[in-house]
Amino acid sequence: QVQLVESGGGLVQAGGSLRLSCAASISIFSFNGMNWYRQAPGKQREPVATLPNAGIVNYADSVKGRFTISRDTASNTVYLQMTSLRPEDTAVYYCNTYFRGKPYWGQGTQVTVSS
């Protein structure tokens, strides 16, 4: 069983920054990689950033140059550093991974960007 716990969301003004955290209950090297998704009100959940254990990091076009995904293996935590935030970044942000063929999601953390 895998648990993912996100934190770090909040209310920020446009142009501000936030850092989201996702703590995994087991070693993050148990997974092929970890992902951040987001879901805005009335919209489908969409991928934001992907951090494979090996390979190239991927970002959604809408966040390239503003968001950075990283990991700390000592604490089994993945981060999403968000800068130059825009009102359209407002969403619930979810951490995601796959383990033994099954998807796992965190509970989500709300990010609200005011104009």
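The values are calculated or read from the model by the stated rules, or taken from the named source; none is laboratory data. Here the structure is a predicted model, which means the values were calculated and not measured. FYI the Cβ positions are ideal-geometry reconstructions off the backbone, even for glycines, and counts take in every protein chain you see. Heavy atoms of the whole protein, side chains included, go into the accessibility calculation; ligands, DNA and RNA do not. Shrake-Rupley method; radii C 1.70, N 1.55, O 1.52, S 1.80 Å.
Quick notes
- Residues that are over 12 Å from the mean Cα position of the chain (by Cα) and either of a type in the set (Asp, Glu) or within 17 Å of LEU18 (Cβ to Cβ) (or both) within the range 42-63 comprise ASP61, SER62, listed in sequence order.
- Scanning the range 54-81 for residues that are acidic (Asp, Glu) and in a loop (DSSP other than H, G, I, E, B) yields a total of 1.
- For the range 82-98, the set of residues classified as part of a strand (DSSP E or B) and loosely packed, with under 15 Cβ neighbours inside 10 Å consists of TYR98 only.
- Count of residues meeting criterion [within 14 Å of ASN32 (Cα to Cα) and open to solvent by 60 Å² or more (accessible area, probe 1.4 Å)] in the range 59-78: 2
- Count of residues meeting criterion [of a type in the set (Val, Ile, Thr), within 13 Å of VAL92 (Cα to Cα) and either in a loop (DSSP other than H, G, I, E, B) or free of Cβ contacts under 8 Å to residues at least 40 places away in the same chain (or both)] in the range 1-53: 0
- Residue check: VAL5 meets all listed conditions (1) hydrophobic (A, V, I, L, M, F, W, C); (2) surrounded by 13 or more Cβ atoms within 10 Å (Cβ to Cβ); (3) within 23 Å of SER115 (Cβ to Cβ) but one, namely (3).
- Screening ASP72 with (1) in contact (Cβ under 8 Å) with a residue 24 or more places away in the chain; (2) within 20 Å of SER21 (Cβ to Cβ) gives one miss only, at (1).
- Test result for TYR104, open to solvent by 20 Å² or more (accessible area, probe 1.4 Å), in contact (Cβ under 8 Å) with a residue 24 or more places away in the chain and among the hydroxyl-bearing types (Ser, Thr, Tyr): yes
- Among residues of the range 32-46, those that are at pLDDT 95 or above and surrounded by 14 or more Cβ atoms within 10 Å (Cβ to Cβ), counted: 8
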